[in-house]
């Protein structure tokens, strides 16, 4: 009888822990009280977050980049993910979302129907964005063109296709802690906010462990290209020896000091960065010069 009691107690404890780890987190609605969208600023947040780079049609240019019907494929070691429709279409997009839904998605990787999003949606970085920025982004997204296009299901391998397991992944790897603990100036602090947060630079430039978590001890030190073609470069001071002026010029024009040009996905990143004020580009460059060099 005693063994049965112990077994049931252990089972109940395991069930409680499992339920805790697999239950998606959401924000207290009271924390959004008094925060209103600034649509003009939301446009800048849109560029900072690079939303069009994932959610617009491949090779879209100009105003076509504002049609966020999704569909782009993102291969990985865990399967192929497809960008969803985040246009304000009420049938196939996010037109029925409220501000709190976008906050939950970006801060916690939680969907409106209370399920986990896969971290290919970089909420591991977006969770550092301020509520004001997210709310302003929501206001901007809701006045973009509605695109009626059904989402394509992800092609994900077992057991990663079981979304409940993502609660454990979040417990292990989802953190709001900064990587650079002691920014030296307000400019570096702003750069940290952009690089570690909305800019989600680490999602490409930092290697991952076997479970897909970022190796914070190899922050921005380069990583294999998920497409299988080459590597994403090391942008710590160990390899990026450009001065701040060179870095800002690259962000603005896509040209390196050697007059090479950005290609592939980086060309779209440049498209986004070139829309930011020069002060933000200077801040990003200052941050990249301030982080530890990793060989």
Condition check: out of contact with any strand residue (DSSP E or B) (no Cβ under 6 Å at 6 or more places or on another chain) and at positive phi. Does residue 254 satisfy that? no
If we scan region 46-55, do we find a residue that is modelled with pLDDT of 90 or more and assigned to a loop (DSSP other than H, G, I, E, B)? yes
Yes/no for residue 70 being buried (at least 17 other Cβ atoms within 10 Å of the Cβ) and assigned to a loop (DSSP other than H, G, I, E, B): yes
Which residue is nearest to residue 187 (Cα to Cα), if the candidates are limited to region 239-258 and must be under 25 Å from the mean Cα position of the chain (by Cα) and in a loop (DSSP other than H, G, I, E, B)? 240
Tell me whether region 180-199 contains one or more residues that are under 26 Å from residue 74 (Cα atoms), free of Cβ contacts under 8 Å to residues at least 40 places away in the same chain, assigned to a loop (DSSP other than H, G, I, E, B) and outside the structural domain of residue 124 (by TED's automatic domain parsing). no
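For the condition in a loop (DSSP other than H, G, I, E, B) and either surrounded by 15 or more Cβ atoms within 10 Å (Cβ to Cβ) or modelled with pLDDT of 90 or more (or both), what is the one hit in 210, 172?
Selected residue: 210, the only one of 210, 172 that is in a loop (DSSP other than H, G, I, E, B) and either surrounded by 15 or more Cβ atoms within 10 Å (Cβ to Cβ) or modelled with pLDDT of 90 or more (or both).
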Restricting region 213-251 to residues that are over 19 Å from residue 180 (Cβ atoms) and touching a strand residue (DSSP E or B) at 6+ places or on another chain (Cβ under 8 Å), the residue that is surrounded by the fewest Cβ atoms within 10 Å (Cβ to Cβ): 228
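The values are calculated or read from the model by the stated rules, or taken from the named source; none is laboratory data. Keep in mind that what you see is a predicted model, and the values were worked out from it rather than measured. Don't worry about glycine lacking a Cβ; one is built from the backbone with ideal geometry, like all the others, and counts go over all protein chains shown.
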